[in-house]
Every structure is written in structure tokens, then in C-alpha cells.
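See structure below.
The values are calculated or read from the model by the stated rules, or taken from the named source; none is laboratory data. Given the structure is predicted, the values throughout are model-derived calculations rather than measurements. For neighbour counting, all protein chains shown are included, and Cβ atoms are generated from backbone atoms with ideal geometry for every residue, glycine included.
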Amino acid sequence: AAGVIQSPRHLIKEKRETATLKCYPIPRHDTVYWYQQGPGQDPQFLISFYEKMQSDKGSIPDRFSAQQFSDYHSELNMSSLELGDSALYFCASSNIRDRKYTGELFFGEGSRLTVL
Amino acid sequence: RKEVEQDPGPFNVPEGATVAFNCTYSNSASQSFFWYRQDCRKEPKLLMSVYSSGNEDGRFTAQLNRASQYISLLIRDSKLSDSATYLCVVNFLSGNTPLVFGKGTRLSVIA
């Protein structure tokens, strides 16, 4: 079965550079979530989109922005990168109808960002 | 105070042991509860949902105590392959709102 696809899997950037992460949700999933997981930390919710509109906002820095496109893929744009942005960035997707029954989010394998 | 709290461990147990993890959550209006498993450098994956009546899936048993805002996971007959981090996860609202994760409890099952 198709899963959540994230790219790139690994990314190395310098401080103050920009980075873009992409997420392709499971087909027919209408909601995308972005999470950031630092070393030894729990996944922290950044932002989510439902039907291409922002639905919830978490601890996303102002330097970051995200959007969901007409084909439901989502991109997380990060600017003025700082050392502390080094983390694993997960995208997850779900279908609102399925979540009423299972509540499950399906995670991609993550994009590992290293800022030097 | 963190919204979802867990003992980070690590729990080091021999194969065949029974081990229990606990979790507390702060929002009494929380709607749904889960245990996710995360292997090192991998994505979190749903292990099981947690229901008020308690539920069992093979060697795994989950319990929810709404009055105490407490969730537990019991693993019986531990296998080496159970070594992972177990994340307690709460959905504070209904619908497609984001899940809130605990820091996770690390389990190492030793031969």
C-alpha cells in the first residue's frame, strides 16, 4: 500500500540558508501534519492543513512557512536556518472520516535536516 | 507542565519479562489516546489505541483511567524485537486535530 512520501530524506544546510521539505500524503488523505523531532525529543507539532487550508498551528517559528497544494502534497519552507533547526521533520497524513474511528496518523519516514 | 508526561526510562529487561509503562495527560477533556512505537531514527507507528474499557492485542494490553488522567501499556513475554521507544499520544480534541506526543519511554529487551 502507498505510504506517506517525504523528500529529501537527508539535507545538509549552512546557517542562514533556506530549505524546502516536501510531503506526498497517502492517496485520498485530506489532512497533512508537520512535526519536528529534535534529538532525544518527542515529535512537536508544527502545522497542519485540511483540504489545502491551514487547520491548526503549533510551535512553528515565524521563519518557517508551509502550504498544501491542489494535488494535496505539502511543502515546508524554512528560512534563515539556525543550528537549533537540526532535527527530523515528519509529515503525517490522515483522512478526516477515518480519524473518527481510528484516530491514527500515518507518518512518512522523515527528512533529516542538519544545519552546520 | 508538559501536556503528556512519561517516564523516559530506559527500561532494560530480559527476554520474557513483563514490563509496564505509564503516562499522564493534563487535559481532562482529551478525546482519544494511543500508544505509538518508534524505532531509532524511524517514524512513529501506531501500536494500539487505548479505550476506557481497556484493550488487548496479543502480548500488549492498554488501559485508560480517565478519572486519574492516566494511561498504561503492559507488554508480556518481552521479545528482543520489542526494543524501541514507546510514545504515549493524546488527541485533545475530536476530529482531525493534531496528536500530542509524550517524550517516549525507551525499552531495551536483553537476551
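General observations
- Options B:Thr61, B:Thr85, B:Thr24: the member that is part of a strand (DSSP E or B), polar (S, T, N, Q), over 21 Å from A:Ser94 (Cβ atoms) and touching an Asp or Glu at 6+ places or on another chain (Cβ under 6 Å): B:Thr24
- Within the stretch B:73-111, considering residues that are over 25 Å from A:Phe106 (Cβ atoms) and buried (at least 18 other Cβ atoms within 10 Å of the Cβ), the one farthest from the other protein chains (Cβ to nearest Cβ): B:Ser78
- Residues located in the stretch B:8-21, provided they are within 10 Å of B:Gly102 (Cβ to Cβ) and at pLDDT 90 or above: B:Phe21
- Scope the stretch B:99-111; condition modelled with pLDDT of 90 or more, on the phi < 0 side of the Ramachandran plot, within 19 Å of the chain's Cα centre (by Cα) and assigned to a loop (DSSP other than H, G, I, E, B); matching residues: B:Gly102, B:Lys103
- The set of residues in the stretch A:101-116 that are in contact (Cβ under 8 Å) with a residue 40 or more places away in the chain, part of a loop (DSSP other than H, G, I, E, B) and at the interface with another protein chain (Cβ under 7 Å from one of its Cβ atoms) comprises A:Leu105, A:Gly108, A:Glu109, A:Gly110.
- Of everything in the stretch A:42-86 that is of a type in the set (D, E, K, R) and in contact with a Phe, Trp or Tyr (Cβ under 8 Å, 6 or more places away or on another chain), the residue that is surrounded by the most Cβ atoms within 10 Å (Cβ to Cβ) is A:Asp42.
- Flag for B:Asn96 being touching a residue at least 24 places away in the same chain (Cβ under 8 Å) and over 13 Å from the mean Cα position of the chain (by Cα): no
- Once the stretch A:87-100 is narrowed to residues that are over 19 Å from B:Trp35 (Cα atoms) and over 14 Å from the mean Cα position of the chain (by Cα), the residue that is nearest to the other protein chains (Cβ to nearest Cβ) is A:Ile96.
- Scope the stretch A:2-54; condition out of contact with any Ser or Thr (no Cβ under 6 Å at 6 or more places or on another chain), aliphatic (A, V, I, L, M) and under 24 Å from B:Val89 (Cβ atoms); matching residues: A:Ala2, A:Ile5, A:Leu46, A:Ile47
- Cβ-Cβ contacts under 6 Å between residues 6 or more apart (or on different chains), taken from a first residue in the stretch A:79-95 that is assigned to a strand (DSSP E or B) to a second residue that is surrounded by 18 or more Cβ atoms within 10 Å (Cβ to Cβ) and among the acidic types (Asp, Glu), are listed as A:Phe90/B:Glu43.
- Boolean, B:Arg59 is of a type in the set (Lys, Arg) and in contact (Cβ under 8 Å) with a residue 40 or more places away in the chain: no
- Cβ pairs under 6 Å, 6+ apart, first in the stretch A:54-73 and of a type in the set (Phe, Trp, Tyr), second part of a loop (DSSP other than H, G, I, E, B): A:Tyr72/A:Pro25
- Qualifying residue in the stretch A:42-52 (condition: free of Cβ contacts under 8 Å to residues at least 12 places away in the same chain, closer than 17 Å to A:Phe107 by Cα and assigned to a loop (DSSP other than H, G, I, E, B)): yes
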